[in-house]
1. Run the numbers for B:A465 and B:E416: contour at 0.36 nm per residue of separation, minus the present Cα-Cα distance, in nm.
2. Show me, for region B:743-760, the HN-Hα J-couplings you get by feeding each phi into the Karplus relation (A = 6.51, B = -1.76, C = 1.60, θ = phi - 60°), rounded to Hz, glycine and proline as x.
3. With a Förster radius of 41 Å, plug the Cβ-Cβ distance of B:K56 and B:N129 into 1/(1 + (r/R0)^6) and report the FRET value to the nearest 0.05.
4. Given a cut-off of under 8 Å on Cα pairs at least six residues apart, what relative contact order in percent is computed for region B:914-1054?
5. Rounded to whole Hz and in sequence order, give me ³J(HN,Hα) for region B:324-332 from the Karplus expression 6.51 cos²θ - 1.76 cosθ + 1.60, θ = phi - 60°, writing x for Gly and Pro.
6. Once fully extended, how much extra length lies between B:A446 and B:L275, figured as 0.36 nm per residue of separation less the alpha-carbon to alpha-carbon distance?
7. Using amide H atoms built 1.01 Å from N in the peptide plane, name the residues 5+ places from B:E769, or on other chains, whose amide H lies under 5 Å from its own.
8. Please list, in chain and number order, the residues 5+ apart from B:I533 or on another chain whose amide H is under 5 Å from its amide H, with Hs placed from the backbone.
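Bear in mind that the values in this text are calculations on the coordinates, not laboratory data. Remember, predicted model here, so these are calculated numbers, not experimental data. Cβ sites come from the backbone with ideal geometry, for glycine too, and all protein chains shown count toward neighbours.
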Amino acid sequence: MASAANANVNAVRETMDVLLEISRLLNTGLDMESLSICVRLCEQGINPEALSAVIKELRKASESLKKTVTEIGEGGTKPAEKKWLLPAFYIRLLRTAQTENENRSLQFGTY
Amino acid sequence: MQPFSLQNQQVNARSEGQLATCSLRCSYREANRCTAVNINMAHWSTFEKETEKETKKLIRCISGVEDEEDQNFQLALKFAWSNFRFHRYLDVDSHKIQRSISGIYEKLMVHSDLSKAGSWMRLTEEFLNSPLPNTDGAKTDAHYSILSLLLFLSGSPSNTNFTEKPRLKEAEPEDDFDWAKYLMEGEDIDIGPYPDTPEWSEEESEDEDSQQPISREDSGIQLDRTPQEDQDNTNKTVPVTWTVGEPDARAWLEQHVVTPYWVAHAPRFPHSLHLHSNLLNVWDQHLYNTDPLYLPEEKAFVTETQVIRETLWLLSGVKKHFIFQHHDGKVSVRNNVVVTHLTSNCLRSVLEHIAVYGQAVFRLQRFIDEVTGYNSDPCPPGSGSSYSSKKGSEPPFRTYQAFVWALNKYFTGFKEELTTIERELICNDETVTLSAVLERLSPHLAQIKVLHKVFCTGVAEVPPATPNVVRASHLLNTLYKAIIEYDSVGEASEQAVALLFSLWTETVRPYLEIVDEWIVHGHLFDPAKEFIIQRNKDVPVNHRDFWYATYTLYSVSEMVENEEKLNDAASGSSGGDQGSSNRQLTMVSFLKPVLKQIIMAGKSMQLLKNLDCKDTEQSDRSSRDAERKSLYTLFLESVQSRLCSQEESPTDTVTEQQATKRSLVKMQSIIAQHLEIEDVHDPLLAINFARLYLEQSDFHERFSGGDFIVDRSSQSVTCQTFELTLRSCLYPHIERRYIECCGNLMKTLKKDYKLLEYLQAMRNYFLLEAGDTMYDFYTAIFDKVQEKESWQQLSFLNVQLQEAVGQRYPEDSSRLSVFLETIDPSRKKHPVNNLEVLTLSYKVPWPVDIVISSECQKIYNQVFLLLLQIKWAKYSLDTLRFSDFTDVTKKLEGALPEEVKVKEPINQQIHRMCLLRVKLMHFVNSLHNYIMTRILHSTGLEFQHQVQEAKDLDQLIKIHYRYLATIHDRCLLREKVSFVKEAIMKVLNLVLIFSDRWQAGFGAWKIESIDKMESDFKNCHMFLVTILNKAVCRGSFPHLESLALSLMAGFEQC
């Protein structure tokens, strides 16, 4: 029983390796960890196109976050509260909120 | 901007068209939409929870935001959820995917990238036929959706353009490198069927093949292997790194040379195969077997000894490490460092704990380096001027330097400790473990934590453009507050208090030296402008504004960090108290109780230095100065003596070597006795005192050797009662100095500069105390007025004054002069106001004009004018003669009988005039008496008494002002009681008119005018009597009583 399970595990591992190769070949920029998360999400039925949109947006956001952090630099000794300065991000959220006709107040980071 | 707006439109369109396109999918969720986005649903299925967990992981992985509470994280999560749930994408179409796969293949072929095209086809084919972790079967929807995800992420696969190609090509060589890793991973599991390597890997370059056996051999640290095999392994790796041939030498090297663990792919060190020392492997194996997606990372193996040594190096301030990494001021732990006997998480948590301290040490060290300017050995803040002149011009001011010196001293001790540990480690005599080292260092680490906290609040958080005075006082304040704070915790933080106290005593040194210099030599030497009081450069010492405008007190508000400038005029005595509520914590707190004394002493000293002291004390003082101890020395000495002397009494009863436990009980009883003498019954206090003495016994031991170094004195002081220590050790010295300085100044002013004589002169001339002299002056004027001659000539007035004064006070005659001022014509209507043009002026020489300022002279002058007006009225009444009337009566007697009829009313008139005159005289005399004796004289006596007792110049000035305010007030010159003065002036005016009429002779009178004068006088008199009686009845003006009584008496007789 144990060996059967191990066989399965190994087979899956192999699949993942193949997948990683494909991902490398396509230059998606995913590493093993994020790839396995994506696989799990896809298996759970998340639409791949939506997932890819989310990933791209998150990358952009963290990119701009890093930029602002380096702009703030080491001048201030107190590490300032990191805020994502990503208008599109907020606007998108805001739109969603508006179309849903909610009075929910969204917390936007103070600039 | 373009992509953003496009995206937004898309989103907008998407969210609007959402219902239409995905109505089936969304209809169920529509009802729950708000809660769904909130991610707050209580009735989630496990499936959704799973998905949420994965989403969080994804966000963490891609955005790098670790903290789930982070606002950004929450935003991202919401965003991801709303995208996953409400999208308008079509489901995955396997045919489409197949088409794009073959499309890419075609593209690769077109670009004649054959190998890549081949591997692309093979890989996709293999993937589609392989099982997925949670999905059975091949070529399922999941397979296709994963592929489509990759295709989406790779760019736009439908129109792959040519620029995309080079990147794809570059991606290929990267594959090669990772195969080694892949193979290694395969190596780790030795159990189970060994999977076949994929066919395409065989096609790859041969490097991998050559690496393969090495990695296979190298990785074998497994439970089932025998030690012999392991030995073989190490032997195999040795030739790769070491070229020493002989086995003996190799063995020696293995023992004595540190493995270069910092090199990537460093050779593994041999270690025991016991289960305990292989915990990491066991754990990894477990993870690997249970989780198919677990992915072993590349690890750098180190030994615990190496970890300990790196820890020690980190704490001693070394900047380059393998295990710890510096990223612009932050210390972090390298990710993949492991030891064989701990799981990586466990090791990491321990190391991160150390890294925090490492960072604290690093920041402190950097600050020290900055201030010392990378001097290899920072020189101590040497005593005296040589130090200050040398360092004076340098940007880091003395308070920081002193602080750094204290820090440096602490770190020297700390590093000694570290070195000792490392030496023990090298000797290898006993087992040294990381936790043992941490345990041993824990008191030091706690101290470093305290230091770092103080440093952060006191130094690092100060914005860069802050002036030195704010920085210095902020640092001192922070230390002070920290001591008080830790002090109140009690026994728990004795170490911290001792450390902070020593830091504080060092740091406060420049301040005390500045104070010392100021109050001893009268010279505020502060080139870096760090002291809270600063000299205003533009005011010379011998200026009359010196006392008020010379110094600026910076009171630093911590909230706003701006300095308010307080003029010294207020600060001398009242300023310290005024508004102290909102400034409580803003100044340098420890100086606050004696700030007034410091300011007074400093200013007095400077003034004194600039006065030509006629005493011979000067030389005497300078000779004494060499032996004089500075304030700082005195402070340290009294801290010691205080602690030692208190310790003496217990040592009489208990010898020092005996157990402290026993002595505590004894001392407690002794102290309880002492306290009882002073009627204090507080057992807690007694215990605390006893404890205090006990701690000082350590102090005593340290310094009873005789040759104690003053600088080090405070290191072991544990002071439970910090403020008490200050009160008894620092403040008395300042207090003593203050009394000495101010006493000297007062003595000099009184003795050499005749302050008292000048005050007397002011009273003599302005308050007419020199009655005879001033009589000569004013009667000359009054006579002139009576003769209807013009008296308002400057020369005439001055001549009269000089004559009058010159006879009796020749030295004052040159100082006194009279001026005429034009007054506004509206006030001129009454004859009595004519006098108001007069201004008496007395030239007060420096430095007495600090006390008798021009403002004071103005008040003196007002009183002088009032007196003059009263004197005038009195004089004009006094000089009326009855002989004026006798002529008239005589004339009448010899007149015709028919004229006798008229005589009767004439006699009556004369009688009425005489009566009125007496009444007026009574009034004027009462007023005159009241002011001259009841007010001026008695207040003057009080004033003289107070002047004798005045301790400092500020007090003297205040007394003088208060005196002036009192007489001004009591002479009814205040605005508030101007109606009383008005009535009095009316009466005085009436007197003048009356005497005018009298002297004009009988014929000029008219019965109506007498009536009018009588009624006017009666009205004013009655008004005054009522008003004064009311005031007296209220009891608020006891001095008015006599005036009210005498006026009342005059009124009743009417």
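1. Fully extending the segment from B:A465 to B:E416 adds 14.0 nm.
2. x, 4, 4, 4, 4, 4, 4, 6, 7, 7, 10, 6, 4, 5, 5, 5, 4, 4
3. Approximately 0.80, to the nearest 0.05.
4. Dividing the mean separation by the residue count of region B:914-1054 yields 30 percent.
5. Taking θ as phi minus 60°, the curve returns 9, 10, 9, 10, 4, x, 10, 9, 10 Hz for region B:324-332.
6. 58.0 nm
7. When sequence neighbours closer than 5 places are left aside, the close amide H contacts are B:N764.
8. When sequence neighbours closer than 5 places are left aside, the close amide H contacts are B:Y554.
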